[in-house]
Amino acid sequence: MAVKTPPPLNTDRRFPDHMTSAHALLLKAKRGEKGNTTDKRYAVPAFNVTTFQGINAAFRAFELLGSSGLLAFSNSALKHFGEGDPVFGLEVATTYVRQRAKASTVMVATHLDHGDYISAGGRKVVQAAVQYLTSVMADNSTNKAEKKAMPLADNIALTREVVDMAHPVGLSVEGELGVLAGEEDEDTQSEFSTYTNPAELDRFLKETGVLMLAPTIGTMHGPNKGKPGHKVKLNIPLAHELLKIANAINEEIVFVAHGASTLYEHVRAYALDQLKQLGDPSGAAQKWRDFVGTDWDQIGGLIEAGFCKINTDTENRQTYLAALLGAINSNSAKIDIRWYDNICTDALTQSYLQKLIMAGDYGVWHEPKIDVEKFRFDLGQSLKQLLEMCRR
Ligand SMILES: [Zn+2]
């Protein structure tokens, strides 16, 4: 039976000021476009924001660097914004981002992370996201309730339903093919993992029409990407094989890396130092020692293979936590929520700046306001001091 051609992404859709679909930003990255020039391929890190201060930290980083901005919202983050109601969370978070974007110097996209069109609750959130965001992920690769992989035909049919709804109104859609192991948050976890099959990729892309795809090539969700001392090795040759297939269908297709967070060694060292001074009351030091991230040089290999969206969450959470430990250590009698909040938000900003620089996502919308070569991520210093040292 011939499959009806999927609807193309409507690129005429006008979003609120300084906002665009995630795909528009990723396509620039795949083509290496910055300002009026074209250089080597880069990636846009997608930051999973969970608080208003996290949104502020991300905007600060984007504006300092002239980066393309990608804010991702998971279902559990939306519940957090909406006091348990993800649709209310969408409404309030989106209102905030739109106001923030209005005065911004860069273009940003808002993306639903791990939406699914399988469960009734998942469908409701995806439908609401189409009203509020500029891009959605329809991850129908796994039935989360039953903890099993979905048959390919079902994954295709459900993802296609989302494309039919989102593409005509200008929202890009990200699909997932293969199963990614690990735990991202309470709503996204799997104990097993499978590589994306090239023949299935060809069929999936042609029949769904998605322009953003998360293949599985060995990355893992969560803070432990393998046993201590044994890092996950990504299947870069497979990534290149998949890219060839995707490019043959449509050169505008971009890949997305999930479970690709790196571990900042100096953040770990900082946290361990703080824990030592605090007497490690909950025995957390061993857990910090056991964290395993993905090596950044492997991520660099993925960027070359067309992975233009790098999902980035764990290392930012670790940075936030390390900064909080430091704040408590330096003054546990400061009766001011803002004091702790500012320290953690400044640390998040540092983490975001670092990841944007690593991914090459700077100077896209304007020249960076800091010298990226001189930027040194350091929780031992205030953000203000750090920026002064690399101000242009
Ligand atoms: Zn993910």
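Results for (1) under 30 Å from residue 391 (Cα atoms); (2) charged (D, E, K, R); (3) modelled with pLDDT under 95, shown as yes or no for each residue.
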position: 16; (1), (2), (3): no, no, no
position: 28; (1), (2), (3): yes, yes, no
position: 37; (1), (2), (3): yes, no, no
position: 57; (1), (2), (3): yes, no, no
position: 72; (1), (2), (3): yes, no, no
position: 76; (1), (2), (3): no, no, no
position: 88; (1), (2), (3): no, no, no
position: 104; (1), (2), (3): yes, no, no
position: 112; (1), (2), (3): no, no, no
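Can you tell me how many residues within the stretch 307-345 are part of a helix (DSSP H, G or I) and within 19 Å of the chain's Cα centre (by Cα)?
Here the count works out to 9.
A quick yes/no check of all residues on (1) more than 17 Å from residue 316 (Cβ to Cβ); (2) touching a residue at least 24 places away in the same chain (Cβ under 8 Å); (3) part of a strand (DSSP E or B):
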residue	(1), (2), (3)
13	yes, yes, no
23	yes, yes, no
29	yes, yes, no
47	no, yes, yes
53	no, yes, no
58	no, yes, no
63	yes, yes, no
83	yes, no, no
88	yes, no, no
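If residue 51 meets every condition in (1) buried (at least 22 other Cβ atoms within 10 Å of the Cβ); (2) at pLDDT 95 or above; (3) out of contact with any Phe, Trp or Tyr (no Cβ under 6 Å at 6 or more places or on another chain) apart from one, which number is that one?
With respect to (1) buried (at least 22 other Cβ atoms within 10 Å of the Cβ); (2) at pLDDT 95 or above; (3) out of contact with any Phe, Trp or Tyr (no Cβ under 6 Å at 6 or more places or on another chain), residue 51 is out only on (1).
Restricting the search to the stretch 168-180, which residues are surrounded by fewer than 23 Cβ atoms within 10 Å (Cβ to Cβ) and either at negative phi or acidic (Asp, Glu) (or both)?
Listed by number, the residues that qualify are 168, 169, 179.
Answer with yes or no whether residue 154 is within 16 Å of the ligand (Cβ to nearest atom) and acidic (Asp, Glu).
No, not satisfied.
In the stretch 284-335, which residues are of a type in the set (D, E, K, R), within 30 Å of residue 244 (Cβ to Cβ) and within 16 Å of the ligand (Cβ to nearest atom)?
Residues satisfying the conditions are 309, 313.
Quick one: is residue 136 within 16 Å of the ligand (Cβ to nearest atom), assigned to a strand (DSSP E or B) and in contact with a strand residue (DSSP E or B) (Cβ under 6 Å, 6 or more places away or on another chain)?
Judged against the criteria, residue 136 is a match.
Here is a list: 144, 148. Which entry is modelled with pLDDT under 95, within 16 Å of the ligand (Cβ to nearest atom), surrounded by fewer than 24 Cβ atoms within 10 Å (Cβ to Cβ) and more than 20 Å from residue 257 (Cβ to Cβ)?
After applying the criteria, what remains is 144.
The rows are residues; the columns are (1) surrounded by fewer than 21 Cβ atoms within 10 Å (Cβ to Cβ); (2) in contact with a helix residue (DSSP H, G or I) (Cβ under 7 Å, 6 or more places away or on another chain); (3) without any contact (Cβ under 8 Å) to a residue 40 or more places away in the chain.
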{"residue": "271", "(1), (2), (3)": "no, yes, no"}
{"residue": "278", "(1), (2), (3)": "yes, yes, no"}
{"residue": "281", "(1), (2), (3)": "yes, no, yes"}
{"residue": "286", "(1), (2), (3)": "yes, no, yes"}
{"residue": "291", "(1), (2), (3)": "yes, yes, no"}
{"residue": "301", "(1), (2), (3)": "yes, yes, no"}
{"residue": "323", "(1), (2), (3)": "no, yes, no"}
{"residue": "329", "(1), (2), (3)": "yes, yes, no"}
{"residue": "333", "(1), (2), (3)": "yes, no, yes"}
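Mind listing just one residue for me: the one in the stretch 159-177 that is touching a residue at least 60 places away in the same chain (Cβ under 8 Å) and out of contact with any strand residue (DSSP E or B) (no Cβ under 8 Å at 6 or more places or on another chain) and, of those, farthest from the ligand (Cβ to nearest atom)?
Ranking the candidates gives 168 first.
Could you figure out which of (1) under 22 Å from residue 16 (Cα atoms); (2) of a type in the set (S, T, N, Q); (3) more than 16 Å from the ligand (Cβ to nearest atom); (4) in contact (Cβ under 8 Å) with a residue 24 or more places away in the chain isn't true of residue 95?
(4)
Any residue in the stretch 136-157 that's within 27 Å of residue 169 (Cβ to Cβ) and in contact (Cβ under 8 Å) with a residue 24 or more places away in the chain: show its pairings with residues that are more than 16 Å from the ligand (Cβ to nearest atom) and of a type in the set (Gly, Ala, Ser) at Cβ separation under 6 Å, as long as the two are six or more apart or on different chains.
Correct list of pairs: 136/166.
Of everything in the stretch 102-122, what is surrounded by fewer than 23 Cβ atoms within 10 Å (Cβ to Cβ), under 27 Å from residue 63 (Cβ atoms) and either within 16 Å of the ligand (Cβ to nearest atom) or among the small types (Gly, Ala, Ser) (or both)? Give them in sequence order.
103, 104 - these are the residues of the stretch 102-122 that are surrounded by fewer than 23 Cβ atoms within 10 Å (Cβ to Cβ), under 27 Å from residue 63 (Cβ atoms) and either within 16 Å of the ligand (Cβ to nearest atom) or among the small types (Gly, Ala, Ser) (or both).
The values are calculated or read from the model by the stated rules, or taken from the named source; none is laboratory data. Worth saying up front: this structure is predicted, and the values here are computed from it rather than measured. We place every Cβ from the backbone using ideal geometry, glycine too, and count neighbours over all the protein chains shown.
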